[in-house]
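The values are calculated or read from the model by the stated rules, or taken from the named source; none is laboratory data. Fair warning: this is a prediction, and the values are worked out from it, not measured in the lab. Glycine also receives a Cβ, built like all others from the backbone with ideal geometry; neighbour counts cover every protein chain displayed. What goes into the accessible areas is simple: the full protein's heavy atoms, side chains included, and nothing from ligands, DNA or RNA. Shrake-Rupley method; radii C 1.70, N 1.55, O 1.52, S 1.80 Å.
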Amino acid sequence: TTVREEKNLPSGETMSYREYNKGQPHKLVFLPGFGGDDTMTSVLAVLPQFQDHHIISVNPIGWYGSTMNTPLYSHEENADEVMELLKLIGVDQAMAMGYSTGGGIAFYLAQKYPKVITTAFL
């Protein structure tokens, strides 16, 4: 498995994430549903369909190593925080995939940042 990493965001929050298949040409941002975390993507990383995908599995604000200094983040606000993380780690274009709460965040990522998030799977 990969090591959980953290980045300090401009908002003052810290966001945790894991990267799988780093260096592969296609980037996929994975956003888990409530109760899930960044380890869930380890299954995707070994599937043949995802061997050429650099998977960035993000823990939204307040989940599993990501702080929540300001309570009650909406899906849209979480999407903005995820975008800040993507900038910090040098992701300029990716697909987003999420389920449940993560699906809502993926939706807002695709809606607000169409030049970066080219496709969303909900």
Margin query: Return the pair list, or none, for Cβ contacts closer than 7 Å from residues in segment 19-44 that are touching a residue at least 24 places away in the same chain (Cβ under 8 Å) and in a strand (DSSP E or B) to residues that are surrounded by 15 or more Cβ atoms within 10 Å (Cβ to Cβ) and of a type in the set (S, T, N, Q), at least 6 apart or on different chains.
Written below: E19/T2; Y20/T2; Y20/T41; Y20/S57; F30/T41; F30/S57
Margin query: Against the conditions (1) over 14 Å from M15 (Cβ atoms); (2) modelled with pLDDT of 90 or more; (3) more than 13 Å from the chain's Cα centre (by Cα); (4) not in a loop (DSSP other than H, G, I, E, B), where does A120 fall short? Just the number, please.
Written below: (3)
Note to self: Given the condition of a type in the set (V, I, T), over 19 Å from A94 (Cβ atoms) and exposed (fewer than 15 other Cβ atoms within 10 Å of the Cβ), answer yes or no: does some residue in segment 60-68 qualify?
What the structure shows: no
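State yes or no: is N69 of a type outside the set (V, I, T) and either at pLDDT below 90 or under 17 Å from L122 (Cβ atoms) (or both)?
It is true that N69 is of a type outside the set (V, I, T) and either at pLDDT below 90 or under 17 Å from L122 (Cβ atoms) (or both).
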Item checked: Residue in segment 63-85 that is farthest from D38 (Cα to Cα), counting only those that are assigned to a helix (DSSP H, G or I) and touching a strand residue (DSSP E or B) at 6+ places or on another chain (Cβ under 7 Å) -> E81
Note to self: Looking at V46 and the list (1) loosely packed, with under 15 Cβ neighbours inside 10 Å; (2) among the hydrophobic types (A, V, I, L, M, F, W, C); (3) closer than 17 Å to M68 by Cα, which single condition is not satisfied?
What the structure shows: (3)
Notebook entry, point to check: in a strand (DSSP E or B), closer than 17 Å to M95 by Cβ and either open to solvent by 50 Å² or more (accessible area, probe 1.4 Å) or not acidic (D, E) (or both): does that describe S57?
Noted result: yes
